[in-house]
1. Set Lys and Arg Cβ to +1 and Asp and Glu Cβ to -1, take the dipole of the chain about its Cα centre, and tell me which of SER50, TRP89, ALA121 lies farthest positive.
2. Note the full-extension length gain between ILE86 and LEU167 as 0.36 nm times their separation in residues minus their Cα-Cα distance, in nm to one decimal.
3. Got a sec to turn the phi values of the range 133-144 into Karplus ³J(HN,Hα) couplings, 6.51 cos²θ - 1.76 cosθ + 1.60 with θ = phi - 60°, whole Hz, x for Gly and Pro?
4. In sequence order, what are the phi-derived ³J(HN,Hα) couplings for the range 29-36 according to the Karplus relation 6.51 cos²θ - 1.76 cosθ + 1.60 with θ = phi - 60°, rounded to whole Hz, with x for glycine and proline?
5. Given a Förster distance of 41 Å, report the FRET efficiency between GLU135 and GLU42 from their Cβ-Cβ distance, rounded to the nearest 0.05.
6. log₁₀ I(q)/I(0) of the range 12-167 at q = 0.19 Å⁻¹, via Debye over equal Cα point scatterers, no solvent, to two decimals?
7. Just add up the charged neighbours of ARG98: K/R +1, D/E -1, any other residue whose Cβ is under 15 Å from the Cβ of ARG98.
8. Net charge near VAL161: determine it from the other residues with C-beta under 15 Å of the C-beta of VAL161, scoring Lys and Arg +1 and Asp and Glu -1.
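Read-outs throughout are calculated quantities, based only on the coordinates presented, and are distinct from any laboratory measurement. Note that this is a predicted model, so its numbers are computed, not measured. A quick note on method: Cβ atoms are made from the backbone with ideal geometry, for glycine too, and the neighbour counts reach across all protein chains shown.
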Amino acid sequence: MEGEASAIPGWSDFFVATAGVAGALAGLLFVAISINLEKILELQSAIGRSAETLLVLAGVLGVALTSLVPAQSEHHLGTIVLAAAIPVWLIPIMMQIRSLRHHHYKHIAHVQVRAVLHQIATLPILIGALGLFGEIAGVGIGWVAAGCILSMLVAMFSAWVLLIEILR
């Protein structure tokens with residue numbers, strides 16, 4: 001909506017930093033994957049974890065850049081963030097279920113930890129988007145920001161697994 005103030009006054013520095021960090025982490029993840037590519041390709045669960053981690057970082061990058069678009073209403077921002085958040089939340093769930101069905105995990109605890117971490121990373125963004133969209137009262141950009149931070153922390157943990165723990 002032209003002429004309308006941004007839905008997130010005061011948040012631009014946060015989202016600029018978030019976009020930079022998400023982009024840098026995605027680059028480092030590509031390096032981690034390329035260093036251990038043979039080992040990752042041997043383990044179906046590692047292939048899935050790599051894809052999920054890249055997807056989460058791409059989602060954070062998309063959310064951060066979208067949040068920087070000026071002159072949009074909260075409802076419009078919520079719509080766009082929701083459109084980005086749903087696949088980032090849903091696709092890894094489907095991948096994890098498929099991996100579980102095909103017994104790609106050595107231990108059931110691995111899938112449980114991965115599933116919980118994924119929910120910690122993605123649900124706050126989804127909830128924040130619903131709040132911006134107007135579906136949840138009192139919830140908004142703060143939840144989206146918390147989800148971005150949590151997503152990057154979970155992505156760093158997954159990158160550690162793909163770079164170091166995979167060699168154990």
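1. Positive-end residue among those listed: SER50.
2. Working it through step by step, the gained length comes to 25.9 nm.
3. Computed from phi, the couplings for the range 133-144 are 5, x, 8, 10, 5, x, 10, x, 5, x, 5, 4 Hz.
4. Each residue's phi maps through the Karplus curve to give 5, 4, 5, 4, 5, 5, 5, 10 Hz.
5. 0.40
6. At q = 0.19 Å⁻¹ the computed log10 ratios are -1.09.
7. Values: positive: ARG49, ARG101, ARG114; negative: GLU52.
Neighbourhood net charge equals +2.
8. Numbers: positive: LYS39, ARG49, LYS106, ARG114, ARG168; negative: GLU42, GLU52, GLU165.
Once all neighbours under 15 Å are counted, the net charge is +2.
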